[in-house]
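Trainee: My structure is below; once you've seen it, I'll send some questions.
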Amino acid sequence: MAFLDHLNPQQRGAVTAQEGPILVLAGPGSGKTRVLTSRVAYLVLDQDVPPWRVMAVTFTNKAAREMRERLEELLGPSRARTLTLGTFHATCARILRREAEPAGISRDYVIFDADDQARLVKQAMADLNLDDKRYPPRSVLAAISQAKSELIPPETYAPQSYYGEIVKRVYERYQALLSANRGLDFDDLLMVTALMFRQRREVLARYQEQYQHILVDEFQDTNQAQYSLLRHLTRDHHNLFCVADEDQSIYRWRGADYRNIRRLRSDYADLETYILERNYRSTQTILDAARAVIRHNRDRVDKHLYTDRGQGPEIVVHEAYDQDDEAQFVVDTIAQFVAREGRSAGDFAIMYRTNAQSRALEEAFVRASLPYKLVGATRFYSRREVKDLLAFLRLVHNPDDDVSMARVVNVPARGMGAKTITALEDAAREQGISVYRVLQSIREPGSEGPGLWSRARTSCLAFLDMVEGWTVASRELRVAELVSRILEETGYEDYIRHSNDGTGGREDLAQREQREERWGNVLELRNVAADYQHHSLAEFLTDVALVSDVDNLSADVDAPTLLTLHSAKGLEFPIVFITGLEEGLLPHSRSFDEPEEMAEERRLTYVGLTRAKDRLVLTYAFRRSRFGSSEAAVPSRFLDDIPDELTRGSWGEPQMSGRERETSWGSAEAAGAPAAGGELTTQPRFRVGQRVLHEVFGEGMVLESRGLGDNEIVTVNFEELGLKRLMAGMSPMAVLEG
DNA sequence: TGATCGCGCCTTTTT
DNA sequence: GGCGCGATCA
């Protein structure tokens, strides 16, 4: 068992533990994933457990993929392939595809994402004549989602208040709509599976029999439905292996319940617990800072994380003037690390609390003409053009999907206006059938349809013919070919790239770029589809609905990664920036009056801090604009928790605070003080008044230059694009004259 | 019918 | 500062 040699005694103890329920409480960077992977290998190689009898549940698809790759090395590809390995959602989706009948759902179900859910809740509320001003659909949906994650179907939902009554009514209607659309939302995947196990013993028995060992990563973030699934499946053999860190529980808002750890202790009397405190990732400084932040939380086991990586450099804490200055600081600092320490650009991660914060950072990277990787924010699968295309595919797969129908019936515009669509939907509701079936009924001779103008009727029939054509074709074509055909027949390319033709006005550059980007997304989706040569449309749609943005994080591109603290979970980077450490942002203002939510903000910060291997840079702004207007910010309370001896101010000495800078704004910059002491003695490359040519931005004039060498920052007024600040050393820009 | 403009709301976090 | 929704016009 060569792989055991690479484990420390604590890890090995957990990996080779006897059968029965096992809980591994492990701190960050303690090799959790490795322990989990090794356990699987141990079961298969040493205990002769057939791999198809093992189910391993990870938190993201990315984690699953990496684990499978590692296991392919350890077990060989053919054996690794037979493992059941994936997220809870993906695993349930697969089970439900097989067990549609006992689960009481359609085999052709489609997964409804957050966007579809929102539409459906709105529709349910409209059907019930409920005022969406008084009852925000978002919060009603949150209540429904909460109920589902607690395995409470609408029938048994017991309202505790008037608002609860409303929720119950919407929940019932919403669920009826889902079912009519043959749709399952994310929560349904878990709830329906768990309820099926509860009600259909013979089905459960088959799965209990098949899965003799179940392993779960990030157990602290499981919800009740997921716990119930585990409980059902391991009821007889108790071979449950959970890896958890209660300090990293950051999904309470979506129903995760870290008390599941305690539940485990009471439900499995024979539970054995292993604790991993040795950290392989971070320097002692980083661990000390992280502990200083997390120790304020009550009700936790205080782990003493230790490392032999040494003390490491101090944590840099930097106050910026505003979010743009903060972003510029981040970019400049990365450039310095790259220049001075020979770091590669992919070593950096920049984290923030809310997706909205990525904008200023992206702009700073673009200004400096530096590449970056972005997780989330403009999530690929929620782009309009991508959703449109998926809606066409969903319609082919499941014509009764009225949500997709409504989305694309008139995209690109084909003469079916709001009036026609409403008429179709009304007819569908009256007859209790889907819009697609109404369209079919129109075609029958003698049927004039629901009072449609003949022109609209022609459009409807043309659309129906088109979709039916695809449906027939889909039996022969691969998914990517089907996509091509859909694009062709709908004229989608023209719609995305040139639909503005008639207006004649000159498009600005940004609009052009956006169009091309949109078209690029369409092509990208077709590329993804091309990987599904040997898979069905159903599998494609399921996978696509369940991928997260982190899953697609590419290791090939050598560029800094921008991501939320939530999506940073499970990842590590040599150098981590956490930005926006301000009261109201981190901790977020929504957590101020709820101690448990404040504790979660603290854990979130802890997760961020412990992603760093070598260095941490923490930044906050003196002013930050929220909703457009700029307001003074207060440094985060979490910064106060980090002992001073672990930190230092930023590069330049003396450090100028935002307050000082506000009074001297402009004058200090014009002096062009080098950002750091002991700089190389180069001349500035650019002088005020020079005309320059930039490869991307075109011609312009230098308005300002400060800093030297790699730190030289120039402000250029470009003829086409206006003012830009650039890192001179890293910009493809040449002097024309002056 | 469809495109355009303006208003109001908003922001946690994601499988 | 942006996005969706509703009112308004070609």
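The values are calculated or read from the model by the stated rules, or taken from the named source; none is laboratory data. Model, not experiment: these values are computed from the prediction. Don't worry about glycine lacking a Cβ; one is built from the backbone with ideal geometry, like all the others, and counts go over all protein chains shown.
Trainee: So, in region A:600-628, how many residues would count as being closer than 27 Å to residue A:303 by Cα, of a type in the set (A, V, I, L, M, F, W, C) and either within 12 Å of DNA strand B (Cβ to nearest atom) or touching a Phe, Trp or Tyr at 6+ places or on another chain (Cβ under 6 Å) (or both)?
Mentor: 3
Trainee: Take residue A:325 and tell me if it is in a helix (DSSP H, G or I), more than 14 Å from DNA strand B (Cβ to nearest atom), closer than 22 Å to residue A:627 by Cβ and touching a residue at least 40 places away in the same chain (Cβ under 8 Å).
Mentor: Taking the combined requirement at face value, the residue satisfies it.
Trainee: How about region A:342-369: which of its residues are of a type in the set (Val, Ile, Thr) and part of a helix (DSSP H, G or I)?
Mentor: A:366 - this is the single residue of region A:342-369 that is of a type in the set (Val, Ile, Thr) and part of a helix (DSSP H, G or I).
Trainee: Here's something else I'd like to know. Pairs under 7 Å by beta carbon, first residue closer than 21 Å to residue A:185 by Cα in region A:124-149, partner within 13 Å of DNA strand C (Cβ to nearest atom) and acidic (Asp, Glu), six or more apart or different chains?
Mentor: The qualifying pairs are A:125/A:132.
Trainee: Pull up region A:108-120, narrow it to residues that are over 13 Å from residue A:179 (Cα atoms) and outside any loop (DSSP other than H, G, I, E, B), then point me to the one that is farthest from DNA strand B (Cβ to nearest atom).
Mentor: From region A:108-120, those over 13 Å from residue A:179 (Cα atoms) are A:113-116, A:118-119; that's our starting set.
Among the residues that remain, those that are also outside any loop (DSSP other than H, G, I, E, B) are: A:114-116, A:118-119.
Values: A:114: 5, A:115: 9, A:116: 11, A:118: 10, A:119: 14 Å.
That would be A:119.
Trainee: Only one residue in A:139, A:161 is farther than 27 Å from residue A:108 by Cα, at pLDDT below 90, among the polar types (S, T, N, Q) and over 29 Å from the mean Cα position of the chain (by Cα). Which one?
Mentor: Values: A:139 fails: over 29 Å from the mean Cα position of the chain (by Cα).
From the options A:139, A:161, the qualifying one is A:161.
Trainee: Right, another one. On the basis of being within 16 Å of DNA strand C (Cβ to nearest atom), modelled with pLDDT of 90 or more and crowded, with 20+ Cβ neighbours inside 10 Å, does residue A:364 make the cut?
Mentor: No: the conditions fail for residue A:364.
Trainee: Enumerate the pairs (first residue in region A:486-505 and surrounded by 13 or more Cβ atoms within 10 Å (Cβ to Cβ); second residue anywhere and outside any helix (DSSP H, G or I) and modelled with pLDDT of 85 or more) with beta-carbon separation below 9 Å, excluding pairs fewer than 6 apart on the same chain, so at least 6 apart or on different chains.
Mentor: If the second residue must be outside any helix (DSSP H, G or I) and modelled with pLDDT of 85 or more, no pairs are left.
Trainee: Residue A:416 - would you say it is in contact with a Leu (Cβ under 9 Å, 6 or more places away or on another chain), among the hydrophobic types (A, V, I, L, M, F, W, C) and modelled with pLDDT of 85 or more? Give the derivation first.
Mentor: Values: in contact with a Leu (Cβ under 9 Å, 6 or more places away or on another chain): yes; among the hydrophobic types (A, V, I, L, M, F, W, C): yes; modelled with pLDDT of 85 or more: no.
The answer is no for residue A:416.
Trainee: Could you give me the residue pairs with C-beta distances under 8 Å whose first residue belongs to region A:389-409 and is within 16 Å of residue A:536 (Cβ to Cβ), whose second residue is among the β-branched types (Val, Ile, Thr) and not in a helix (DSSP H, G or I) wherever it lies, and which are 6+ apart or on separate chains?
Mentor: A:394/A:110; A:397/A:110; A:398/A:110
Trainee: Looking at A:208, A:226, which one is out of contact with any strand residue (DSSP E or B) (no Cβ under 7 Å at 6 or more places or on another chain), at pLDDT 90 or above, surrounded by fewer than 22 Cβ atoms within 10 Å (Cβ to Cβ) and not in a loop (DSSP other than H, G, I, E, B)?
Mentor: A:208
Trainee: Cβ-Cβ distance below 6 Å, separation of 6 or more or different chains: which pairs start in region A:11-39 with a residue that is among the hydrophobic types (A, V, I, L, M, F, W, C) and end on one that is assigned to a loop (DSSP other than H, G, I, E, B) and surrounded by fewer than 24 Cβ atoms within 10 Å (Cβ to Cβ)?
Mentor: A:23/A:271
Trainee: Moving on. Return the residue satisfying two criteria in turn: it lies in region A:165-188 and is in a helix (DSSP H, G or I) and either modelled with pLDDT of 95 or more or acidic (Asp, Glu) (or both), and of such residues it is surrounded by the fewest Cβ atoms within 10 Å (Cβ to Cβ). Before you say what the answer is, go through the steps one by one.
Mentor: Going residue by residue through region A:165-188, those that are in a helix (DSSP H, G or I) are A:165-180, A:186-188.
Those left that are additionally either modelled with pLDDT of 95 or more or acidic (Asp, Glu) (or both): A:165, A:172, A:187-188.
Values: A:165: 12, A:172: 17, A:187: 22, A:188: 24.
Out of the qualifying residues, it is A:165.
Trainee: With the checklist (1) loosely packed, with under 14 Cβ neighbours inside 10 Å; (2) modelled with pLDDT of 70 or more; (3) charged (D, E, K, R); (4) away from DNA strand B (no atom under 16 Å from the Cβ) in hand, flag the one item residue A:631 doesn't pass.
Mentor: Exception for residue A:631: condition (4).
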